[in-house]
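Quick notes on the structure that follows.
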Amino acid sequence: MKQKQSSKISRRRFLRSSTAAGLVLTPLHSLLSVKNIDTGSTKSIVVIGAGLSGISCGYELVQHGYDVTVLEARSRPGGRVRTYRDPFADNLYAEMGAEYVNESDQFVRSYCDKFGLEVLPAKQYDGIYLRGKRYVMADFKHFKQALPYAGTEGGNLFGQEYPYIERWVTMIKSIDDLPQKVLDLDNISVAELLKRGGAPKDVVELYTYTNATESTALPKNMSALSMVLANYQASAFSENTVEGRIFGGNDQLAKKFAKIIAANVHYNCPVRKIKHSKDEIEVFFEESGRRTSIKGDRCVITMPVSMLRRTAIEPYFPDDKMHCIREQSYGHVMKIAMQFKRRIWDESGSIGQRVFTDTPLLRVYHHSIDQPGPRGILLSFTSGADAMKLGRMSENRRLKVAHDTAEKLWPNTQNTWESGISKYWNEDPWLRASYSLAGVGQKDFRDILKRPEGRVHFAGEHTSIYRASMNGAIESGVRASQEIIKTGN
């Protein structure tokens with residue numbers, strides 16, 4: 001199966017990026033090249049949100065001498081970066097939010113180097129479980145086993161949808177000058193495009209599973225244009241992709257930022273209203289049960305759009321901005337961490353340590369690979385319809401599904417299971433979503449959402465070319481800080 005690839009950008013990054021033509025990658029050194037400017041400490045900036053985008057933006061502005069106030073609704077920094085520690089024994093931990101750091105994630109890696117944090121590679125996929133059948137990845141790659149899906153080719157798990165969209169990919173000569181026919185694909189879904197291309201139902205179903213962590217939604221809700229551009233411009237995310245995590249927990253990165261600017265960060269302060277004019281901004285928020293406000297020269301909104309649409313804005317931003325705020329698509333994500341007495345996935349006859357499945361858990365993998373001890377944690381990543389279904393269940397029911405699924409993958413787990421815990425991001429009160437995605441008709445959303453409106457600036461993974469990642473969150477925060485610095489007022 002031949003696919004057009006490039007070493008410039010991974011498909012995962014592209015799928016999470018803008019789908020508009022004229023894609024421009026902004027290098028880290030360009031964003032960080034603005035020299036310290038003496039602002040006289042008279043310019044006050046209010047940053048809304050202490051996720052990675054807000055906390056990195058606040059950090060950079062403080063370094064440049066601004067009077068910064070970061071307002072965070074939660075009692076901690078990090079936002080969708082959430083490392084659980086307390087529920088587990090033997091100092092084990094699990095990433096219940098943002099998890100992976102790709103080799104090309106320059107913003108995350110740069111600040112990790114700056115703060116003395118180490119990024120370790122994660123285990124690659126080494127097992128498959130589909131339609132009740134167990135596969136060892138090594139055998140599968142050598143054509144000793146075949147997928148139980150009609151219309152698929154041997155040796156590859158990912159990319160089976162490519163032959164059915166190939167004609168659209170070859171139609172593109174330059175991403176800077178896309179044919180109108182290709183641009184019009186933004187008006188239909190991935191599912192419709194595959195159907196028009198003659199893809200069997202099995203191929204569409206398999207794509208739903210393989211694309212689970214790229215866009216946490218069903219193919220019927222995703223822009224076909226985004227998919228085609230990804231296949232033209234990007235190298236494929238696959239069973240061979242090398243990913244990593246921050247050793248000791250991803251939450252350390254947010255905590256490093258927050259510690260340095262601790263005096264500027266205010267927790268348990270949910271923002272309820274943003275008022276802006278040509279002269280100043282005023283942000284209304286709750287603190288200790290009382291409503292109060294703070295004025296500033298400029299404001300940076302880093303809260304997810306899923307929460308911004310629940311926030312009063314006076315006056316409204318331009319119509320196109322408000323439309324994007326109201327309509328920006330988000331997926332569904334559920335993660336379940338399971339603690340076991342011993343690491344059954346390392347024992348003889350195991351299907352593997354990191355398994356791709358069509359079960360309700362979708363991706364199930366040994367999370368504690370870099371942690372010592374006999375105990376271990378299996379972590380699952382579920383998205384789309386499966387996440388919604390699990391999300392409607394009680395915690396006990398979710399854990400029963402997780403336990404039963406683990407039993408299918410690694411038989412005889414009943415005597416080794418100790419505990420489990422879930423995190424459904426779409427029920428989180430300060431998010432009510434997972435991360436953003438390019439929905440049908442949303443090719444221009446990213447550029448509109450990132451555009452400054454007078455004294456109001458915008459950051460967050462939904463505004464970044466590196467959408468839906470820690471790298472994108474930081475990139476957007478740094479970008480917003482540089483927008484302010486370059487204004488000089």
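The values are calculated or read from the model by the stated rules, or taken from the named source; none is laboratory data. Everything numeric in this text was worked out from a predicted model, so none of it was measured. Glycine also receives a Cβ, built like all others from the backbone with ideal geometry; neighbour counts cover every protein chain displayed.
Do you know which of the residues in the range 99-118 that are of a type in the set (A, V, I, L, M, F, W, C) and at pLDDT 95 or above is surrounded by the most Cβ atoms within 10 Å (Cβ to Cβ)? The qualifying residue surrounded by the most Cβ atoms within 10 Å (Cβ to Cβ) is Val108. Reported count of residues in the range 386-407, each being of a type in the set (D, E, K, R), surrounded by 16 or more Cβ atoms within 10 Å (Cβ to Cβ) and either closer than 24 Å to Lys220 by Cα or modelled with pLDDT under 95 (or both), is 1.
The single condition from (1) in contact with a Lys or Arg (Cβ under 9 Å, 6 or more places away or on another chain); (2) not assigned by TED's automatic domain parsing to the domain that holds Val62 that Asp346 fails is (1). The condition of being assigned to a loop (DSSP other than H, G, I, E, B) and either in contact (Cβ under 8 Å) with a residue 24 or more places away in the chain or surrounded by fewer than 20 Cβ atoms within 10 Å (Cβ to Cβ) (or both) holds for only one of Leu147, Leu206, that being Leu147. Restricting the range 111-131 to residues that are assigned to a helix (DSSP H, G or I) and touching a helix residue (DSSP H, G or I) at 6+ places or on another chain (Cβ under 8 Å), which is nearest to Glu99 (Cα to Cα)? Looking at residues that are assigned to a helix (DSSP H, G or I) and touching a helix residue (DSSP H, G or I) at 6+ places or on another chain (Cβ under 8 Å), I get Cys112.
On the basis of being assigned to a helix (DSSP H, G or I), at negative phi and over 27 Å from the mean Cα position of the chain (by Cα), does Arg134 make the cut? No; evaluated as a whole, the condition is false for this residue. Here the range 86-141 is the region considered, the condition is being free of Cβ contacts under 8 Å to residues at least 60 places away in the same chain and among the hydrophobic types (A, V, I, L, M, F, W, C), and the residue that is nearest to Asp251 (Cα to Cα) is Ala138. Checked against the criterion of being crowded, with 18+ Cβ neighbours inside 10 Å, over 17 Å from His332 (Cβ atoms) and among the small types (Gly, Ala, Ser), the candidates Ser383, Ser476 yield just one match: Ser476. Screening the range 148-162 for residues that are hydrophobic (A, V, I, L, M, F, W, C) and modelled with pLDDT under 90 and picking the one that is nearest to Glu103 (Cα to Cα) gives Phe158. Under the condition of being of a type in the set (Ser, Thr, Tyr) and in a loop (DSSP other than H, G, I, E, B), the residues counted in the range 83-105 number 3.
With the structure loaded, tell me whether Leu437 is of a type in the set (A, V, I, L, M, F, W, C), crowded, with 23+ Cβ neighbours inside 10 Å, within 19 Å of Tyr209 (Cα to Cα) and touching a residue at least 24 places away in the same chain (Cβ under 8 Å) or whether it fails that test. The answer is yes for Leu437. Beta carbons closer than 7 Å, at least 6 apart along the sequence or on distinct chains, pair a first residue in the range 218-229 that is under 10 Å from Leu193 (Cβ atoms) with a second that is of a type outside the set (A, V, I, L, M) and in a helix (DSSP H, G or I) for Pro219/Tyr207; Pro219/Thr208; Ser223/Asp186; Ala224/Glu192; Leu225/Asp186; Val228/Trp168.
Close contacts from the range 348-365, counting a first residue that is at pLDDT below 95 and a second that is part of a loop (DSSP other than H, G, I, E, B) and among the aromatic types (Phe, Trp, Tyr), with Cβ to Cβ under 6 Å and a gap of 6+ residues or different chains, come to Arg354/Tyr125; Phe356/Tyr125. Go through Lys181, Lys220 for me and flag whichever is surrounded by fewer than 22 Cβ atoms within 10 Å (Cβ to Cβ), modelled with pLDDT of 90 or more and either in contact with a Ser or Thr (Cβ under 6 Å, 6 or more places away or on another chain) or assigned by TED's automatic domain parsing to the domain that holds Gly384 (or both). Answer to the selection: Lys220. Set side by side, the residues Tyr125, Tyr111, Tyr164, Tyr100 differ, and just one is more than 21 Å from the chain's Cα centre (by Cα) and either among the hydroxyl-bearing types (Ser, Thr, Tyr) or not assigned by TED's automatic domain parsing to the domain that holds Val204 (or both), which is Tyr164.
Residue pairs whose Cβ atoms lie under 7 Å apart, sitting 6 or more positions apart in sequence or on different chains, and linking a residue in the range 264-288 that is at pLDDT below 95 to a partner that is not β-branched (Val, Ile, Thr), do not occur here.
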